[in-house]
Amino acid sequence: MATPQEKKLAEGRKHQNMQNDTKASQGQWGRAWEVDWFSLASILFLLMFAPLIVYYFIMSCAQYHCSLTDPLLDLLSGNKHLSDIWNSTPTLTHRAAGIYSLWVSFQIVLYVFIPDFCHKFLPGYVGGIQEGAITPAGIVNKYEINGLQAWIITHVLWFANAAYFHFFSPTIIFDNWIPLLWCANALGYTVSTFAMFKGYFFPTNAKDCKFTGNFFYDYMMGIEFNPRIGKWFDFKLFFNGRPGIVAWTLINLSFAAKQQELYGEVTNSMILVNVLQGIYVLDFFWNEAWYLKTIDICHDHFGWYLGWGDCVWLPYLYTLQGLYLVYHPIRLCTAHAIGVLLLGLLGYYIFRMTNHQKDLFRRTNSNCRIWGKKPEYIECSYTSVDGTKYYSKLMTSGFWGWARHFNYTGDLMGSLAYCLACGFEHILPYFYIVYMTILLTHRCIRDEHRCSSKYGKDWKRYTAAVPYRLLPGIF
């Protein structure tokens, strides 16, 4: 019988061999193998301060009427201590815990147990069982695409309750906003910790795992590529798309209901935020099958970055405009309202059409027409880790000839419209455009670094043909 020390050494060799096998199969896919000091410092900063940033924004609205400077001035002047602010913050309640548990459980039921039927009667909608992109280990996962269905069922029940049943008030989310924050944090940290534990001890596919040996990096960026429980519960698709994004429009509706309760009307600015963000959410679910080919699913591993981010960061900071308008009911003049609406719709059009052009180009293997003529492209080659040579086509026509990430440009235009709907009295609602600019610029750089490593000289040919990233003639 082996001694405990021998067992430990054997397990270490086994774990190292699994890591080496994974490296050989994956190459530089999705995230780093080694962690430099800058990356580690950035990760430690986010792990420590991202939850505090969310709390600070929400607390500022609840206690300081959405001023981001007044809490700091109070603390620096000695008018208040941290304990005063914390003691004025609502704590976790049984009611909030019950609401949140019921919400997540309901979304799990809709995700796992109700097959999609929308694709059977909605022309052009792609739902039901769909295949994702090939993983680094060569696995092609299947997904039950039913997000649009889940969104519809959820909102039909929401409006039915508001109009007829009256089981709960439409303001229920706003009324429990901070206690629900503690529930969201609990779920975010629980699922992130479970995902790391699962990656070490019972991964869905060991060859799709990455270990850097740095605990903090692995915890944040994830070990498993596609952690799953059973056949259909995929952590990455569920938490990226549900429950946070389904809740996005419900949260805004609850804010609108609170505005109605407090002031007797819903302002045109609140209507604009609900409509423009509602279009964005519906677009996400209408194109959920296309989402399987995006960077989140194709390259990111599942860790705290996605687990906690989708539970807390997304629903709490992406909805700041609606929350702000509860405390500051802005009534926009007609010209301002029309300008915001047009900017938001134009941004959405650019975002959607740019992605449509790319999808059409790929689906038809360039045998299509973009803006009335055959698309231009640069053919690139790359070699996989097993020595096989592959070819790709990078389009240089249509919006993709204007900038290499022009879909992000449309996304940023829509983001700016949400913020402009809130007027100019406070900086808080403009956090979203600042954050999205940083996020999408970082994604551009991340994606281009990966493409440069993948295509080499061919990538230089492409960037020479399309020299700008986001803004033609500027950047």
Legend entry - Label of the coordinate-derived value, mean projected area of the Cα convex hull in nm², listed as [x] 20.4; [y] 27.7; [z] 23.1: [y]
Legend entry - MRE, 222 nm, helices only [DSSP H, n ≥ 4, -39500 (n - 2.57), over the chain, to nearest 500]: -19000 deg cm²/dmol
Inset, instruction - With a probe of 1.4 Å, find how much accessible area region 168-287 has per residue, and write the answer as a whole number in Å². - result: 33
Inset, instruction - Determine the share of the chain's accessible area contributed by carbon and sulfur atoms, expressed in whole percent, with a 1.4 angstrom probe. - result: 65
Legend entry - Unit charges at the beta carbon, dipole of region 336-377: most positive-side option, 340, 366, 350: 366
Legend entry - Under 5 Å, built H, 5+ apart or other chain: amide partners of residue 397: 376
Legend entry - Sum of side-chain charges, residue 439 neighbourhood, beta-carbon under 11 Å (Lys, Arg +1; Asp, Glu -1): +1
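DSSP loop chymotrypsin sites (Phe, Trp or Tyr not before Pro) in region 110-202 with at most 11 other Cβ atoms within 10 Å of their Cβ, which ones?
Details: sites: 111, 113, 117, 121, 125, 143, 151, 158, 159, 164, 165, 167, 168, 174, 177, 182, 189, 194, 197, 200, 201; in loops: 113, 117, 121, 125, 167, 168.
Hits after loop and neighbour filter: 113, 121, 167.
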Inset, instruction - With 22 Å as the limit, write out which pairs from 198/231; 207/231; 389/457; 120/358; 393/454; 236/358 have Cα-Cα distances beyond it, or answer none. - result: 120/358; 236/358
Inset, instruction - Treat every Asp and Glu Cβ in the chain as -1 and every Lys and Arg Cβ as +1, leave all other atoms uncharged, and give the resulting dipole magnitude about the Cα centre to the nearest 20 debye. - result: 1480
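By its C-alpha gyration tensor, with a ≥ b ≥ c as the square roots of the eigenvalues, how is region 36-191 shaped: rounded for a/c under 1.5, else prolate for a/b larger than b/c, else oblate?
On the way: a/c = 2.85, a/b = 1.45, b/c = 1.97.
Cα axes put region 36-191 in the oblate bin.
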Legend entry - Using θ = phi - 60° and Karplus 6.51 cos²θ - 1.76 cosθ + 1.60, couplings along region 441-455 (whole Hz; Gly, Pro as x): 5, 5, 5, 4, 5, 4, 5, 6, 4, 5, 5, 5, 5, 6, 9
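The values are calculated or read from the model by the stated rules, or taken from the named source; none is laboratory data. In this text, all values refer to a predicted model and were calculated from it rather than measured experimentally. Quick reminder, even Gly has a Cβ in these numbers, built from the backbone with ideal geometry, and neighbours come from all protein chains shown. Quick note on the areas: whole protein, heavy atoms, side chains included, nothing else; ligands and nucleic acids left out. Shrake-Rupley method; radii C 1.70, N 1.55, O 1.52, S 1.80 Å.
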